[in-house]
Amino acid sequence: MMISMLVLSVAWVPLLLIPSSQKKDAKALVAELPAPYSGGDLAHGEQVFHACVSCHTTGETGQNLNGPNLYRLFGRRAGTGRNFPYSGAMRRAGFQWTATRLDAFLANPQGYMPGTAMTFRGVADPKDRLDLIAYLKAATS
Ligand code: HEC
């Protein structure tokens, strides 16, 4: 009886360990970005992201709010998040999100993509955007 309980509990150990060992840490993810984004300040980027949280979630199980969930944003084609009613402008954009695309879009969403439904003035400061993009990489990967 004791032995079978021991075997059962030992059998669970790999199940608990595999997911966490496969998940890369935030710094390793940010290091995958091109410079200067790879040197972004994650803590400051999280502060900047406060401007986005009323409309966006970042996690795998996050909901669409006023804006789409941003999980797996990098490399994703613009306007293709799940179950979100994007504008025609976003659906027709035809590019994949990269650090440089995000930088241009987030500086001035309506200027970069006329017709976008993202009613947000943008993040004017380049350093704020750099740190925000590093944070987005870590939070959405
Ligand atoms: C008032 C709500 C609102 C705020 C605030 C907002 N967004 Fe958005 N965002 C949207 C909407 C709505 C869309 C979809 C736009 C469209 O379809 O044209 C969008 C789209 C996006 C996309 C494209 C996603 C995709 O799946 O292609 C990104 C990236 C994004 N937002 C990032 C941000 C970031 C980062 C911030 C903060 C700096 C922010 N947004 C602030 C509403 C918002």
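Any read-out appearing in this document is the output of simple, stated calculations on the displayed coordinates, not a laboratory observation. Not measured: the values here are computed from a predicted model. Backbone-built Cβ (ideal geometry, glycine too); neighbour counts: all protein chains shown.
Summary table below
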read-out	value
Segment 94-127: number of residues that are near the ligand (Cβ under 9 Å from one of its atoms) and outside any loop (DSSP other than H, G, I, E, B)	5
Flag if A89 is out of contact with any His (no Cβ under 7 Å at 6 or more places or on another chain), part of a helix (DSSP H, G or I) and within 6 Å of the ligand (Cβ to nearest atom)	yes
Check on F74, in contact with a Phe, Trp or Tyr (Cβ under 9 Å, 6 or more places away or on another chain), assigned to a helix (DSSP H, G or I) and surrounded by 15 or more Cβ atoms within 10 Å (Cβ to Cβ)	no
Complete set of residues in segment 77-117 that are under 20 Å from K137 (Cα atoms), in contact with a helix residue (DSSP H, G or I) (Cβ under 8 Å, 6 or more places away or on another chain) and surrounded by 17 or more Cβ atoms within 10 Å (Cβ to Cβ)	A78, G79, A99, L102, D103, F105, L106
Single match in A124, A117, A78 (criterion: without any contact (Cβ under 8 Å) to a residue 40 or more places away in the chain and farther than 29 Å from A43 by Cβ)	A117
Residue in segment 42-51 that is surrounded by 15 or more Cβ atoms within 10 Å (Cβ to Cβ) and touching a Pro at 6+ places or on another chain (Cβ under 9 Å) present	no
Sole exception among (1) within 17 Å of the chain's Cα centre (by Cα); (2) not in a helix (DSSP H, G or I) for K137, by number	(2)
Test: N66 is surrounded by fewer than 16 Cβ atoms within 10 Å (Cβ to Cβ) and touching a Cys at 6+ places or on another chain (Cβ under 9 Å)	yes
